[in-house]
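The values are calculated or read from the model by the stated rules, or taken from the named source; none is laboratory data. Predicted, not measured: the structure shown is a model, and the values here were computed from it. Virtual Cβ from ideal backbone geometry, glycine too; neighbours counted across all protein chains shown. The area values use the complete protein model at the heavy-atom level, side chains included, leaving out ligands, DNA and RNA. Shrake-Rupley method; radii C 1.70, N 1.55, O 1.52, S 1.80 Å.
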Amino acid sequence: MPQNRPEAVVIIGSGVIGLTHALTAHEAGCKVTVIERNTRPLGASIRNFGTIWPIGLAFGPEREQALLGSKRWREVSKRIGFAADPCGSLSVAYRDEAWSVLCEFSAQQAAAEAGFELLSPDDAVRRYPLVNPVGLRGAVFSPHEICLRSADALTGLVHHLQSLGVDFEFETCAIKVHEDAVEVADGRVFKFDRCVIAAGEEMRILFPEQLAKASIRPCRLQMMRSEPFPQRLGAIMVSDLTLAHYPAFKECPSMTALQQSLDATASEFQEWGVHVIAAQHSDNSFTLGDSHEYGPDFTPEHWAHVDELVLKNLATFTRLPGLKIASNWQGVYLKSTVGKTQVVLQPRERVTMVTAMGGLGMTLSWGLAEQTVASWSLSSSPPALTL
Ligand SMILES: Cc1cc2nc3c(=O)[nH]c(=O)nc-3n(C[C@H](O)[C@H](O)[C@H](O)COP(=O)(O)OP(=O)(O)OC[C@H]3O[C@@H](n4cnc5c(N)ncnc54)[C@H](O)[C@@H]3O)c2cc1C
């Protein structure tokens with residue numbers, strides 16, 4: 001790149017991965033253009049819970065990446081002016097095996113240093129009166145999780161980036177990525193020094209062969225939003241089923257027993273990959289979900305009985321009488337089949353594809369953006385991700 005002009009970066013996709021890369025590249029002095037086929041972000045990034053979820057990640061580099069995500073969301077929410085509630089999370093246990101997992105998790109030195117609190121049933125219900133006390137064994141509070149309304153956050157980020165001089169080409173579909181230019185459907189080309197492809201579930205259109213070898217598959221999730229509820233839950237809340245879902249708890253010795261217990265007593269939920277997160281927003285509405293159905297593709301049905309399973313499980317750990325559902329929807333993300341929390345490919349020398357962040361893209365994408373942009377100034381080699 002000549003010394004006298006900023007590096008030209010073209011980003012395909014205005015979801016959270018594209019926008020976090022756009023702001024990070026702009027802050028590093030690049031001239032950024034974002035190409036988005038729709039009029040605004042409409043993919044997984046505005047269909048999620050809006051939870052920033054470090055507690056889902058095992059201690060180590062990925063948790064550090066998630067904590068960086070929390071920090072960045074706090075900063076940008078203040079700067080841009082959208083709500084980001086630092087309410088933390090409460091993991092509640094109803095099975096003995098789930099309680100053992102929480103106790104083992106909290107006993108780690110790193111957990112104590114991270115400010116996790118093990119709560120007795122009485123303490124949990126005193127602090128969080130909407131927790132269901134019946135059968136409660138105990139809970140863990142974690143202070144690091146944040147609750148956003150993702151559509152507000154993404155809209156705010158787009159406006160902020162525009163005010164900084166980042167160009168957005170909406171209603172523009174990228175159809176081919178060449179060595180140094182992106183070709184779009186109306187025939188224009190956008191020249192780049194660096195290109196980031198963050199096209200969400202539609203990644204297959206651009207470099208299908210590389211993706212086919214990357215061990216990833218689509219996952220469809222069913223979600224709901226409630227009408228505002230008169231009381232506050234006080235934290236993002238999850239229970240036994242969710243402990244078995246995220247990598248954080250996998251190393252706990254009692255996880256095998258918990259998994260066996262769930263297989264024996266919760267097969268109706270497991271059949272649809274249902275584990276329930278209750279995330280309450282600043283207007284008191286809840287985002288609730290979810291289920292996990294794996295592709296290659298999906299029929300159009302939205303399954304009423306799956307929504308019922310989510311609400312049935314929600315009632316085992318919360319008391320939200322009269323809660324009314326206002327809307328439901330589906331989201332799709334790509335997920336690694338070999339346990340990676342993100343997949344970074346380099347189909348051409350100056351082209352980076354970032355994908356398959358599964359259910360943690362809101363949490364992890366700031367850290368990934370930082371690593372992608374840092375790798376550019378070092379050499380033309382692929383991002384130095386060791387995850
Ligand atoms: C239901 C659900 C719940 C989730 N909950 C959470 C959560 O609580 N916390 C968390 O951390 N993560 C969560 N996630 C994961 C997170 O939402 C995703 O990992 C993340 O949104 C992926 O971001 P993305 O930018 O890759 O995709 P997207 O948001 O799908 O963005 C991709 C964009 O690229 C555009 N595009 C595609 N092809 C082209 C093209 N050829 N030309 C131009 N534009 C193109 C699309 O229109 C789209 O706007 C959840 C995901 C789902 C589906």
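At a glance:
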| item | result |
| --- | --- |
| Lone unmet requirement of (1) within 12 Å of the ligand (Cβ to nearest atom); (2) under 27 Å from VAL332 (Cα atoms) for SER215 | (1) |
| Residue match in segment 79-99 (condition: within 17 Å of ARG194 (Cβ to Cβ), open to solvent by 20 Å² or more (accessible area, probe 1.4 Å) and free of Cβ contacts under 8 Å to residues at least 60 places away in the same chain) | no |
| Check on ALA44, closer than 24 Å to ASP283 by Cβ, within 16 Å of the ligand (Cβ to nearest atom) and among the hydrophobic types (A, V, I, L, M, F, W, C) | yes |
| The lone exception for PHE207 - which of (1) open to solvent by 30 Å² or more (accessible area, probe 1.4 Å); (2) within 25 Å of the chain's Cα centre (by Cα); (3) more than 10 Å from the ligand (Cβ to nearest atom); (4) not charged (D, E, K, R) it fails | (1) |
| Neighbours by Cβ (under 9 Å, 6+ apart or cross-chain): first from segment 354-374, within 17 Å of ILE12 (Cα to Cα) and in contact (Cβ under 8 Å) with a residue 60 or more places away in the chain; second among the acidic types (Asp, Glu) and more than 10 Å from the ligand (Cβ to nearest atom) | VAL373/GLU27 |
| Pair list, Cβ under 6 Å, 6 or more apart: segment 268-289 residue assigned by TED's automatic domain parsing to the domain that holds HIS245, other residue among the hydroxyl-bearing types (Ser, Thr, Tyr) and part of a helix (DSSP H, G or I) | HIS275/THR242 |
| Output for segment 126-154, where each listed residue is within 15 Å of HIS281 (Cα to Cα), aliphatic (A, V, I, L, M) and open to solvent by less than 10 Å² (accessible area, probe 1.4 Å) | ILE146, LEU148, ALA153 |
| Odd one out for PHE59 among (1) of a type outside the set (Ser, Thr, Tyr); (2) open to solvent by 40 Å² or more (accessible area, probe 1.4 Å); (3) free of Cβ contacts under 8 Å to residues at least 40 places away in the same chain; (4) more than 8 Å from the ligand (Cβ to nearest atom) | (3) |
| In segment 26-41, the residues that are open to solvent by 50 Å² or more (accessible area, probe 1.4 Å) and more than 9 Å from the ligand (Cβ to nearest atom) | HIS26, GLU27, ALA28, LYS31, THR39 |
| Residue that is among the charged types (D, E, K, R) and within 16 Å of the ligand (Cβ to nearest atom), where the choices are LYS312, LYS335 | LYS335 |
| Residue list for segment 172-192, restricted to those being near the ligand (Cβ under 9 Å from one of its atoms), surrounded by 13 or more Cβ atoms within 10 Å (Cβ to Cβ) and not in a strand (DSSP E or B) | THR172, CYS173 |
